[in-house]
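Comments concern the structure below.
The values are calculated or read from the model by the stated rules, or taken from the named source; none is laboratory data. The structure presented is a predicted model; accordingly, all values stated were derived computationally and were not measured. Cβ placement follows ideal geometry from the backbone for every residue including glycine, while neighbour counts extend to all protein chains displayed. Surface areas here come from the heavy atoms of the whole protein model, side chains and all, with no ligands, DNA or RNA. Shrake-Rupley method; radii C 1.70, N 1.55, O 1.52, S 1.80 Å.
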Amino acid sequence: GSKQVSSTFSTIGEDLSFELDVPVRLVSSSSMDKYRQRLREGWFDIAVVGPGVFVAPRVVDNYVPLVMVDRTLDIVIAVDDEGPVKNVSDLEGKAVGTLLRGSGTWLIQRSIMREAGLDLERHVSFLVLRTGNDCLLALAPLQVVASGISEPILQAVEETISLSVRRLDRMQSVPAPVYLVHRELGLARRELVADYLLGRDGTKRYDPSVY
């Protein structure tokens, strides 16, 4: 959730302030579109991106991909196990829950649905929800008949609700987030950032073949 993200990156900011001997502040944007715009403008010195921001981070002119999280994600379409939807194609004409436009889950969910032959502009009504928890809870009162969600979040939320959930479809091995540094950040500081991030559990040097 947002509190976990804030806590994680606040810690990284504090640690990098010490490593670089300059203040490092945690900042974000009010939407994914604005975040992408700020990346294009080179607004951040260090940034974290996932497949929802851009599929190939190496194409961003202002930044150098440095370190990536050493794991992949599964994105699933979740439905009420007792509901009428049996296949992704059954979502035609239905309301479907999704996370914020431009997020990784949003991007992959739409890819899964397109591969099932759905015209997303004509066949599906999307309800934008703030969190993975909201996506699942919206299934119970039939606000939506299905929701896109990452498997780790689904597993965590599934244990807290009474609804029986079925995975309708999934896309496996979606690339995990990548840390970028601005090209104007000097090589010495760039390596300090890389050394710090590589010292954290579950990270590795950026591998363009993954994307």
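Consider S147 carefully, then state whether it is under 23 Å from S31 (Cα atoms) and either of a type in the set (G, A, S) or surrounded by fewer than 20 Cβ atoms within 10 Å (Cβ to Cβ) (or both). Judged against the criteria, S147 is a match.
In the range 58-93, the qualifying residues are those that are among the charged types (D, E, K, R) and open to solvent by less than 70 Å² (accessible area, probe 1.4 Å), and the one that is nearest to D201 (Cα to Cα) is D74.
Within the range 50-63, does at least one residue satisfy the condition of being at pLDDT below 75 and under 21 Å from A146 (Cβ atoms)? Scanning the range 50-63, I find at least one residue that is at pLDDT below 75 and under 21 Å from A146 (Cβ atoms), so the answer is yes.
Only residues that are within 25 Å of P177 (Cβ to Cβ) and open to solvent by less than 60 Å² (accessible area, probe 1.4 Å) were counted across the range 103-119, and they come to 11. The set of residues in the range 166-211 that are modelled with pLDDT of 90 or more and of a type in the set (A, V, I, L, M) comprises L180, V181, L185, L187, A188, L192, V193, A194, L197, L198.
When you scan the range 129-144, do you find a residue that is loosely packed, with under 14 Cβ neighbours inside 10 Å, at pLDDT 85 or above and not in a loop (DSSP other than H, G, I, E, B), even just one? No, the range 129-144 contains no residue that is loosely packed, with under 14 Cβ neighbours inside 10 Å, at pLDDT 85 or above and not in a loop (DSSP other than H, G, I, E, B). So, in the range 4-49, of the ones that are among the acidic types (D, E) and within 23 Å of L107 (Cα to Cα), which residue ends up modelled with the lowest pLDDT? Across the range 4-49, the extreme among qualifying residues is D33.
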